[in-house]
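The values are calculated or read from the model by the stated rules, or taken from the named source; none is laboratory data. On a predicted model such as this, the values are computed, not experimentally measured, just so you know. Ideal geometry is used to build each Cβ from the backbone, glycine not excepted, and the neighbour counts take in all protein chains shown. These accessible areas exclude ligands, DNA and RNA; they are computed on the full protein's heavy atoms, side chains included. Shrake-Rupley method; radii C 1.70, N 1.55, O 1.52, S 1.80 Å.
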Amino acid sequence: MNAPPSPVERRELPPATGPLRLVSSLRYRDWRYLWSGLMVAQTGEWMDSLALNWIVLVLTDSPLALGTLNLMRGLPTLALAMAGGVIADRFDRRLLMVGTQVSSMLCTAVLALLASAELLEIWHIYIGLLVRGVINAVNSPARASIVGDLVPRSDIGNAVALQSNVFNVTRMVGPAIAGLLIAVSGAAIVLWLNAASAGICAIAILGMTRGAGKMAKPVTSAWSAMVEGVDYLRREPVVFMLLLLGIIPFILGQPYQSMLPVFAKDVLVVGPEGLGLLTTAAAAGSMTGAFTISSLGNFRRKGLVMMIGLLSFGTLLVVFSHTPWPLVAAVVLFFIGISTQVYQTTNSTLIQLIVPSAYRGRVFGIHQMDRGFIPVGSFVAGAIAEGAGAPFAVAIMGGSLTLASVAVLLFVPRMRRLE
């Protein structure tokens with residue numbers, strides 16, 4: 001079930017040289033439109049995430065409630081990951097993204113309205129996040145799998161790095177803005193801005209060429225397509241292992257982000273403004289890591305680079321958990337950001353290069369489960385922190401990730417040899 005060749009595949013541009021190599025994939029119009037829209041939408045999402053985390057912490061003063069909040073974010077992704085991937089392989093990926101962005105805008109507007117009327121309660125937030133999670137379960141695989149339809153193979157690595165930097169730049173800008181807005185005007189305005197950002201993204205995607213990301217007419221049932229996706233992973237153990245390596249760090253490592261409000265409030269005692277600074281430091285490191293990877297072009301030993309980034313991530317988390325000084329903590333978070341981006345970008349690039357378009361939606365549907373596992377890990381971290389404190393919870397998870405990385409390096413040599 002292959003899609004027809006996109007216009008970009010029929011008019012591949014010559015290789016970029018000099019500084020243009022950093023953004024070579026943006027030479028393609030449709031990818032440029034999507035990238036711009038995602039930049040706006042992701043900024044709003046990061047602002048929204050910080051605002052809701054802070055609201056729940058103020059309402060409950062409970063790390064467990066904070067972990068539960070993030071669990072609500074991820075449960076739909078875990079439950080519907082493969083279904084979302086099947087949809088992305090059967091329907092127009094461009095129109096899917098438009099529909100999901102509009103749906104997310106409406107859901108967020110309801111939460112913003114309740115917050116403005118001072119009627120927002122924790123159960124409203126939980127339900128809202130569950131609904132948005134269902135929407136994201138369809139949006140994420142469509143958004144990830146369409147990259148290979150918009151950008152030629154020679155620029156896929158650069159596009160993946162720039163897509164990662166959407167996540168990283170906005171993670172640096174969004175929380176910083178949100179922290180200031182919450183301190184000055186309250187959380188409601190942040191939620192309204194996120195609703196507006198989703199609408200702007202939908203408009204940008206509509207500006208893409210009609211047919212961009214359009215799939216061939218399905219010839220099998222949805223169930224058969226799901227079975228085909230599972231069979232593909234069974235036949236391709238390298239792809240399966242890459243998916244596993246993409247998910248494990250989001251269970252054992254990334255949940256540290258949900259503990260940052262606790263570190264800001266109770267450990268480092270820096271308040272919402274300091275929380276924005278800590279989150280921004282990690283995002284700045286991620287941005288640095290992504291630009292470094294994109295500048296290297298089609299470099300060799302991607303598998304080894306991925307594993308080194310993973311090992312560094314776990315080790316630095318342990319260091320962060322024992323750091324009592326805010327500025328030192330921010331520096332450590334900067335290097336955590338670099339290490340996470342190195343492994344994420346190389347992992348996604350390898351999947352884009354290995355998996356054919358006909359299966360890409362289903363594979364990335366599973367790959368996007370990594371975001372769903374963050375809330376699961378956040379819930380576990382919140383439960384540990386409730387009884388033993390946030391530093392202990394982060395140290396345990398970072399140490400576990402370090403041990404897992406060492407095990408793969410020693411016993412699965414095939415992964416570190418991937419090119």
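Do you know which of the residues in the range 336-356 that are assigned to a helix (DSSP H, G or I) and over 16 Å from N165 (Cβ atoms) is modelled with the highest pLDDT? I'd like the intermediate steps shown before the answer.
Let us first name the residues in the range 336-356 that are assigned to a helix (DSSP H, G or I), namely 336-354.
Adding the requirement that they be over 16 Å from N165 (Cβ atoms) leaves 336, 350-351, 353-354.
Values: I336: 92, L350: 83, I351: 82, L353: 77, I354: 79.
Among those residues, the one meeting the criterion is I336.
If you scan the range 55-105, which residues turn out to be touching a Gly at 6+ places or on another chain (Cβ under 6 Å) and either among the acidic types (D, E) or open to solvent by less than 20 Å² (accessible area, probe 1.4 Å) (or both)?
Answer for the range 55-105, where residues must be touching a Gly at 6+ places or on another chain (Cβ under 6 Å) and either among the acidic types (D, E) or open to solvent by less than 20 Å² (accessible area, probe 1.4 Å) (or both): L66, G67, G74, P76, T77, A81, G84, G85, A88, D89, R93, R94.
Scanning the range 357-382 for residues that are at pLDDT 70 or above and of a type in the set (S, T, N, Q), which turns out farthest from A290 (Cα to Cα)?
S378
Just checking, does the range 123-136 include any residue being closer than 28 Å to T346 by Cβ and of a type outside the set (D, E)?
The first filter runs over the range 123-136 and keeps only residues closer than 28 Å to T346 by Cβ, leaving 133, 136.
Narrowing the set further to residues that are of a type outside the set (D, E) leaves 133, 136.
Yes.
Would you point out which residue out of A115, A83 is more than 23 Å from Q368 (Cβ to Cβ) and either of a type in the set (G, A, S) or in contact with a Phe, Trp or Tyr (Cβ under 9 Å, 6 or more places away or on another chain) (or both)? Write out each step before concluding.
Working: A83 fails: more than 23 Å from Q368 (Cβ to Cβ).
The unique qualifying residue is A115.
Taking the options V160, V138, name whichever one is assigned to a helix (DSSP H, G or I), under 30 Å from A65 (Cβ atoms) and not small (G, A, S).
Working: V160 fails: under 30 Å from A65 (Cβ atoms).
Result: V138 is the single residue among V160, V138 that is assigned to a helix (DSSP H, G or I), under 30 Å from A65 (Cβ atoms) and not small (G, A, S).
Could we say that A216 is at pLDDT below 80, within 17 Å of the chain's Cα centre (by Cα) and open to solvent by less than 60 Å² (accessible area, probe 1.4 Å) here?
On the way: at pLDDT below 80: yes; within 17 Å of the chain's Cα centre (by Cα): no; open to solvent by less than 60 Å² (accessible area, probe 1.4 Å): yes.
So A216 does not fit the description; no.
When you scan the range 83-125, how many residues do you find that are farther than 21 Å from T43 by Cα and part of a helix (DSSP H, G or I)?
If we filter the range 83-125 for residues that are farther than 21 Å from T43 by Cα, which is where we start, we get 83-93, 95, 114, 117-124.
This time we only want the ones that are part of a helix (DSSP H, G or I), so: 83-90, 93, 95, 114, 122-124.
Adding up the residues that qualify gives 14.
Please give the number of the condition A187 fails out of (1) open to solvent by 10 Å² or more (accessible area, probe 1.4 Å); (2) modelled with pLDDT under 90; (3) farther than 20 Å from G128 by Cβ.
(3)
Which one of these does G44 not meet: (1) modelled with pLDDT under 85; (2) small (G, A, S); (3) under 23 Å from the mean Cα position of the chain (by Cα)?
Unmet for G44, out of (1) modelled with pLDDT under 85; (2) small (G, A, S); (3) under 23 Å from the mean Cα position of the chain (by Cα): (1).
Looking only at the range 402-415, which residues are modelled with pLDDT under 90 and crowded, with 17+ Cβ neighbours inside 10 Å?
A404, S405, V408, M415
Among the helices (runs of 4 or more DSSP H) lying completely within the range 223-335, list those that include at least 3 residues that are in contact (Cβ under 8 Å) with a residue 24 or more places away in the chain and surrounded by fewer than 21 Cβ atoms within 10 Å (Cβ to Cβ).
Values: elements: 237-252, 256-262, 271-295, 302-321.
Answer list for the range 223-335: 237-252, 271-295, 302-321.
Of the numbered conditions (1) aliphatic (A, V, I, L, M); (2) free of Cβ contacts under 8 Å to residues at least 24 places away in the same chain; (3) in contact with a Phe, Trp or Tyr (Cβ under 7 Å, 6 or more places away or on another chain), L401 satisfies every one except a single condition; which is it?
(2)
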